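Contents: one structure, followed by commentary.
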Amino acid sequence: MPEPLPYLHLTRMTTRLGLYEHALGSAPRTEHGYCVDDAARALVVTSRDPTGGDAAAALGGIYLNVLLGALTPDGRMHNRRTGNGTWSDSPGTGDHWGRAVWALGVAAARGHGSTAGRRALAGARVAMRARSRWPRSMAYAALGAAALLHAERPCVDGDVRDAAELVLRDARSVLAGSFGTTAWPWPEQRLTYANAVIPEAMLVVAANAADAASAGAALDLLAWLVRQQLVDGHLSVIPSRGRSPGGVGPGYAQQPIEVAALAEAGWRAFLVTRDPGWIQVVQECRGWFEGRNDLMQPMRDEQTGAGFDGLERHGPSLNQGAESTLAWLSTLQLSLLARTPVGR
């Protein structure tokens, strides 16, 4: 039986209206409300839970409701929700939209035949009407489209398949561009945030198109990104301020989202190549949370499943927000799956 994830803190941060974004220590900061970004991350984790437990199903139902409630008929989505349940922003196609397409795709693929799976598929059908000009948003959307197209059991009909193929085509267009120079192959002037989703999405798009050359280029770019963040045998991830060519580490504050994005990309690379070297990348990401980092300090609460908000120069920030908690839970989840690789 797969090892269950510790959902205690995630449950503490969740109400029927969503997942509180911020925490002071372990206490939710209710005044800051909720966001779709976090509900989407959480739906990916709960949908991917291999134990089939009641906790994952109950939490996943809440997060799915949030995403469907944020969706507008043209596919755009709200992101910000106040503590009383009111949407406080205009709908758009920022990163929250891309992550929502990812989450709905994963939930539909994993929940094939269930009521939740059918609801997620209906939501994905609507969300895929929209497009974003932002590379990371389209990268996340590509992950959702690929989940729909390559589910272990087919879950899409013709119009959804066509929509998912168009998302992948348009993601390829947005992500296309110069790979820079030999010294700086990154397709942007700086490494910024959630960097690994870029080569992961490039790999997904190339694999879907059976484009071996582009898949190889995506893997090379991901390997370069890993090398940028390995120092003395442990991860030292890109800090929140980013990094330009010639920059060196360590840098602070290091954000758990960087580690989680790298774990996701490493797992994807393994699924495509079956090269066990990518499993080691996933395990290095888990190690960062468990103390194999620049300060040799744990970045998670093993018992509650909380993740700490950042690795600062003075030590960990002990606030336990939703993004950081989900970064830890998703990395832990992938590291456990990596012991006996299954699915996508």
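The values are calculated or read from the model by the stated rules, or taken from the named source; none is laboratory data. Because the structure is predicted, anything quoted here is derived from the model rather than measured. Every residue, glycine as well, gets a Cβ built from its backbone with ideal geometry; the counts of neighbours run over all protein chains shown. Quick note on the areas: whole protein, heavy atoms, side chains included, nothing else; ligands and nucleic acids left out. Shrake-Rupley method; radii C 1.70, N 1.55, O 1.52, S 1.80 Å.
For the reader, a short list of remarks on this structure follows.
- Enumeration of residues in the stretch 134-165 that are open to solvent by 10 Å² or more (accessible area, probe 1.4 Å) and in contact with a Ser or Thr (Cβ under 8 Å, 6 or more places away or on another chain): Trp134
- Per the listing Gly60, Gly105, Gly75, the residue uniquely assigned to a loop (DSSP other than H, G, I, E, B) and either within 21 Å of the chain's Cα centre (by Cα) or of a type in the set (D, E, K, R) (or both) is Gly75.
- Residues located in the stretch 170-218, provided they are in a loop (DSSP other than H, G, I, E, B), within 25 Å of Val248 (Cβ to Cβ) and either of a type in the set (D, E, K, R) or open to solvent by less than 40 Å² (accessible area, probe 1.4 Å) (or both): Trp184, Pro185, Trp186, Glu188, Arg190, Ala194, Asn195, Ala196
- Qualifying residue in the stretch 14-23 (condition: among the small types (Gly, Ala, Ser), crowded, with 18+ Cβ neighbours inside 10 Å and either at pLDDT below 95 or farther than 11 Å from Ala322 by Cβ (or both)): no
- Test: residue in the stretch 225-233 that is closer than 19 Å to Leu326 by Cβ and either in contact with a strand residue (DSSP E or B) (Cβ under 9 Å, 6 or more places away or on another chain) or touching a residue at least 12 places away in the same chain (Cβ under 8 Å) (or both): no
- Here the stretch 219-245 is the region considered, the condition is being aliphatic (A, V, I, L, M) and in a loop (DSSP other than H, G, I, E, B), and the residue that is surrounded by the fewest Cβ atoms within 10 Å (Cβ to Cβ) is Ile238.
- Condition met for Leu67 (among the hydrophobic types (A, V, I, L, M, F, W, C), part of a helix (DSSP H, G or I), touching a Ser or Thr at 6+ places or on another chain (Cβ under 6 Å) and under 25 Å from Ala146 (Cα atoms)): no
- Residue within the stretch 64-77 that is among the acidic types (Asp, Glu) and either open to solvent by 60 Å² or more (accessible area, probe 1.4 Å) or touching an Asp or Glu at 6+ places or on another chain (Cβ under 6 Å) (or both) present: yes
- Some residue of the stretch 291-300 being open to solvent by less than 50 Å² (accessible area, probe 1.4 Å), over 17 Å from the mean Cα position of the chain (by Cα) and touching a residue at least 60 places away in the same chain (Cβ under 8 Å): yes
- In the stretch 309-330, residue least open to solvent (accessible area, probe 1.4 Å) [restricted to those that are farther than 15 Å from Gly291 by Cβ and either in a loop (DSSP other than H, G, I, E, B) or free of Cβ contacts under 8 Å to residues at least 24 places away in the same chain (or both)]: Gly321
- Top-ranked residue in the stretch 122-146 [being in contact with a strand residue (DSSP E or B) (Cβ under 9 Å, 6 or more places away or on another chain) and outside any helix (DSSP H, G or I); ranked as farthest from Leu71 (Cα to Cα)]: Ser132
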